[in-house]
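Worksheet: the structure to be examined is printed underneath.
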Amino acid sequence: MAADDLAKARSDFADRNPESRKYFSEARQYLPGGHTRTVLTHAPFPLVFASGEGSTLTDLDGHTYIDMLGDYTAGLLGHSEHRVIDAVTAVLKTNASVGGIHPAESRLAKLMCERFALDRVRFTNSGTEANLMAITTAMQATGRKRIMVFHGGYHGGILYFASGAAPWNAPYEFVVAPYNDETETIKLITENAESLAAVVIEPMLGSGGCVPTSAEFAKSVFNAAKKVGAVVIADEVMTSRHGAHGMFDLLGVKADITTFGKYIGGGFSFGAFGGRADLLDQFDTSPEANRDRTISHAGTFNNNISSMTAGCVVLGEVFTADVAIDHMARGDDFRKSVAAVLSKHDLPLSVSGFGSMMSLHALAHAPESPLDVAKRDDKLQELVFFGLLERGVYIAARGMMNLSLPLADDQLAKVLDALDDTARSLTRN
Ligand SMILES: Cc1ncc(COP(=O)(O)O)c(C=O)c1O
């Protein structure tokens, strides 16, 4: 690779996408940076999409891409899932913003409780909010303040731990533990035994580079946290798509509270937190509950009819437990094929992940911790991204790929060819 390869890749990208560039120069006047979702940005500017269908996306310049990003897991259903579109269209003709209770709310709650083995569940508008509310639930139940999280973890824009706690995080007392380091994590749990309200953990660092944890680490952390009376909060906002009941279930552990989001809303804003009745019933306002104190959790759009209706179709009809099991296996197979393609080339490239979520890394070996992810060759990483875009494959700039349901086998084969061709061209240069 020559020193100016990256400059050329960026300028070729800009030349290929004049309409996206034009959009950004105008949008910057009104939106800081021209956007309102930081994760989507990259140099020189991101693509602007005009439409999507099935598992493809078309940008303002008329290029069509195979959508391998799947909206960071929220786009599991692809872009034209008619069962969701039809159900939401029908319900919006009778009710838009209800300002009252409606049946889809408890229907979705039942589906979620049955699918994910929750006693009770409450809805929010995002995964971030679900995590904030789960932390509130734990703090109120325990009367404690300290929250354990993990290096490389991401639980929302203000619950961000890529390299320690971000300065703009919500003002909790965080204890940041090293992910997949059992000895150090147990030591920190023991040291904070008296003050720890909750341990918040992802079964696989999603934003942190698709680094899965092991059943051993999960068991040991869950047991240690429960032993000191801390509430275990499993962040399955991304990973509840794995297996019939989510990823921690596959690892053989059960959290006290689990948080959800992304695909369950079928394209609409969604978040939820649910779990043990004694914790969730702190929100029970019914006279029979006879509580001294209830936690108030109003929220204009918590039960919004579009998300509730879409969620019922997603879990009840489209992404049933059987479909989820098959989709995970399909993802595992595809990830193995990606690894086989990468191994043909003399470049430090690897793939990590679990089921239908994965990430490409400019690293010789797939990372086992966030410390490994930090050692990526940033230039090679970006060249792979631009190489795939040039060949009609849309992934996250950071390398993430998530399989959506409508992706066809021939599309996946094209993605493997594009990756092969990209790696070949980078080896030649
Ligand atoms: C594991 C995890 N938790 C929480 C969130 C936050 O969800 P949202 O973007 O819906 O607020 C995300 C988003 O990417 C996530 O990956």
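Descriptive notes on the structure:
- Between Thr136, Gly164, Ala104, the Cα set farthest toward the positive side of the dipole of the stretch 82-318 (charges on each charged residue's Cβ, about the Cα centre) is that of Ala104.
- Each Cα pair under 8 Å and six or more residues apart adds its sequence gap; the mean of these over the residue count of the chain is a relative contact order of 21 percent.
- Across the stretch 1-118, the relative contact order, built from alpha-carbon pairs under 8 Å that are at least six residues apart, equals 16 percent.
- Over 20 Å (Cα to Cα) - which of Lys219/Lys262; Lys262/Lys336; Lys187/Lys375; Lys187/Lys227 fall in this group: Lys219/Lys262; Lys262/Lys336; Lys187/Lys375
- Calculated [θ] (222 nm, deg cm²/dmol) that DSSP helices of n ≥ 4 give over the chain, each run adding -39,500 (n - 2.57): -11500 deg cm²/dmol
- Cα-centred dipole magnitude for the stretch 82-318, charges only on beta-carbon of K, R (+1) and D, E (-1), debye, nearest 20: 320 debye
- Only one residue of Ser296, Gly316, Ala230 has its Cα farthest out toward the positive end of the dipole of the stretch 187-324, where Lys and Arg carry +1 and Asp and Glu -1 on Cβ, and that residue is Ala230.
- Each of Val98 and Arg428 was given a label point 7 Å from its Cα along the Cα-to-Cβ line. The distance between the two points is 5.9 nm.
- Theoretical FRET efficiency, 1/(1+(r/R0)^6), r = Cβ-Cβ of Glu173 and Leu31, R0 22 Å, to 0.05: 0.10
- Among Gln282, Ser269, Ile305 the positive-end extreme of the charge dipole of the stretch 260-316 (Cβ point charges): Ser269
- Note on the stretch 110-251: Cα-only Rg and Dmax are 14.1, 39 Å.
- Spin-label pair Ile85-Lys219: with each label point 7 Å from Cα along the Cα-Cβ axis, the two points sit 4.7 nm from one another.
- Stretching the chain fully between Asp326 and Thr183 yields a gain of 48.0 nm (0.36 nm per residue, less the alpha carbon separation).
- Placing a label point 7 Å from the Cα of Ala50 along the Cα-to-Cβ direction, the residues of the stretch 4-22 whose backbone N falls under 16 Å from that point are 16-22.
- Unit Cα scatterers, Debye sum, the stretch 206-363: log10 I(q)/I(0) for q = 0.17 Å⁻¹: -1.16
- Each principal axis of the chain carries a Cα extent, and these read 71, 56, 45 Å when sorted largest first.
- Centroid-to-centroid separation of the stretch 55-99 and the stretch 239-290 [C-alpha atoms, Å]: 24 Å
- Highest mean packing first, where packing is the average number of other Cβ atoms within 10 Å per residue, the peptides 201-213, 391-403 line up as 201-213, 391-403.
- Listed by chain and number, the aspartates and glutamates whose alpha-carbon sits under 12 Å from that of Lys22, ignoring those within fewer than 8 places in the same chain, are Asp61.
- Summary of packing: across the peptides 351-358, 225-232, 193-200, the per-residue average of other C-beta atoms within 10 Å ranks them, highest first, as 351-358, 193-200, 225-232.
- Two-site FRET efficiency, His365 against Asp410, from Cβ-Cβ distance with R₀ of 30 Å, rounded to 0.05: 0.50
- What the Kirkwood sum gives for the stretch 124-204 is a hydrodynamic radius of 12.8 Å, with every pair of different alpha carbons counted.
- Angle between the chain longest axis and helix 18-27 axis [Cα atoms, degrees, rounded to 10]: 40 degrees
No lab work stands behind these numbers, since they all come straight from the coordinates. Bear in mind that the values here come from a model prediction, so they are computed numbers and not experimental data. Backbone-built Cβ (ideal geometry, glycine too); neighbour counts: all protein chains shown.
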